[in-house]
Amino acid sequence: MIYLDTAASYPLLPEVKVVLSDAFESLYANSASSHLLGEQVSDEINKVREQLADQIGAYPSEIIFTSGATESNNIAFKSLLLGNEISKDKKHIVTTQIEHKCVFAICDYLKSIGYEITYVKPNKDGIIEADSVANAIRPDTALVSVMHVNNELGTINPIADIGQACFDAGVLFHSDAAQSFQKTNIDADDLNVDVMSFSAHKIGGPKGIGAIYIRDLRKRHLMPVIHGAGQEDGLRGGTVAAPLIIGFGAAIKYFEQYYSTFKKKEIKEYFLSKLNQGKIKFSENGLNTLGHCLSITLPETDTETLVRNNENVLSLAQGSACSSKEIEPSHVLTSIGLNRELADKTFRISFPLDIEYDSINVLVKEILKHS
Ligand SMILES: Cc1ncc(COP(=O)(O)O)c(C=O)c1O
């Protein structure tokens, strides 16, 4: 199987598999236990907390482990807005039309309890412009949330400029970094972010683990999303998932190296040049995109038959990364002006880092056959 859907989930890295299995085997104690084994587990968790903090220029005390980016996004909105951190008079949120669906679900909930939401439109290249965000901010804006890299287009948003606009307006700024972490540089200060969401399974770590960065976490008055026995600074209850966190740490350690080797292969350029050689009509959606990800519309290709005839050979995503079985056209593609027909003829291709040129040749041959 040629797997071309790593933005949805990246296969477990071999190094992570070993670390994970060792951790399940030997680090079985509860990290809250005061005996030696418990303390060992707690130390290992805190090493990963330091490692993640180091990667993004934060303090370990500003990192909370969660079940993934969906939960982190829930914390970012609900813990900040429903705690005592922000004045209750401020009931306006600025986010964008191209966020992950979980952000829309959170905003729908907040709308049902009295919040007003502004969804900023991207430009035609799929980028959220800092000016558009700045113009949407009002005196009653409580929070701005703009994703770092879009999961369907791979476009990189100008987070530092957006963060600066939020800082100037005195509004807290959250960014969902599920798709950008370890694929592009992140420094919380340089990017002017206050809160950031992360997920391990997008970088070859295990599913069900992620993290949230919250600037000055200990000084804030946040509402827990999971009430529990005080774990993770009281913000996120439940026995801490030590082996998964340790696996996340291994993914952080190895993924970045693989990514820098991958960049040298220039796979995207190879793929596009092969399409050109085959005289296949296509257009690429989005500008300023990450190297492993592209959104491509093939207007003269029978994409439906292509997918059906290759279901045992190619794993291709049509529409959104995480809900590609939906029949509705992708909200991201429609927000940049694609109609239903073109959206249906669009693939989001996200390469694994060990992809071979031969696999790209197979893909191009199949596209050619159906064009
Ligand atoms: C941008 C973005 N945010 C959030 C998520 C959800 O992450 P998780 O599966 O860790 O909950 C995903 C992918 O699924 C994503 O691409």
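Rule-based calculations on the coordinates, nothing more; no lab input. Bear in mind that the values here come from a model prediction, so they are computed numbers and not experimental data. So basically every Cβ, Gly included, is an ideal-geometry build from the backbone, and we count neighbours across all protein chains shown.
The figures follow:
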| item | result |
| --- | --- |
| Least to most buried among PHE282, PHE104, PHE351, PHE181 (fewest other Cβ within 10 Å first) | PHE104, PHE282, PHE351, PHE181 |
| Computed E for SER273/GLN40 - FRET, C-beta separation, R0 35 angstrom, nearest 0.05 | 0.10 |
| Filter on LYS207/LYS268; LYS202/LYS274; LYS78/LYS265; LYS121/LYS268 - keep pairs with C-alpha separation over 31 Å | LYS78/LYS265 |
| FRET efficiency, SER26 to ASP187 (Cβ-Cβ, R0 25 Å, nearest 0.05) | 0.15 |
| Segment 264-371: GluC sites (Glu not before Pro) in DSSP coil with no more than 13 other Cβ atoms inside 10 Å | GLU266, GLU300, GLU311, GLU326, GLU356 |
| Relative contact order [Cα under 8 Å, 6+ residues apart], the chain, whole percent | 24 percent |
| Stretchable slack from SER33 to ALA229, in nm (0.36 nm times residue separation minus alpha-carbon distance) | 69.3 nm |
| Antiparallel DSSP beta bridges within the chain, percent to nearest 5 | 50 percent |
| Mean residue ellipticity (222 nm) of the chain, computed from DSSP H runs ≥ 4 via -39,500 (n - 2.57), nearest 500 | -11000 deg cm²/dmol |
| Mean-position separation - Cα centroids, segment 217-263 and segment 336-360, in angstrom | 30 Å |
| Cleavage-rule hits, trypsin sites (Lys or Arg not before Pro), segment 41-143, DSSP coil, Cβ neighbours within 10 Å at most 15 | LYS88, LYS124 |
| Cα-projected label distance for ASP140 with VAL313, points at 7 Å along beta-carbon direction, nm | 5.8 nm |
| Potential extension, ASP216-THR305 segment - 0.36 nm per residue separation minus Cα distance | 26.8 nm |
| Evaluated over segment 14-255, the Cα radius of gyration and Dmax, each in Å | 17.8, 58 |
| Centroid-to-centroid separation of segment 114-128 and segment 1-79 [C-alpha atoms, Å] | 31 Å |
| Fewest-first sequence of ILE98, ILE137 by Cβ atoms within 10 Å of each Cβ | ILE137, ILE98 |
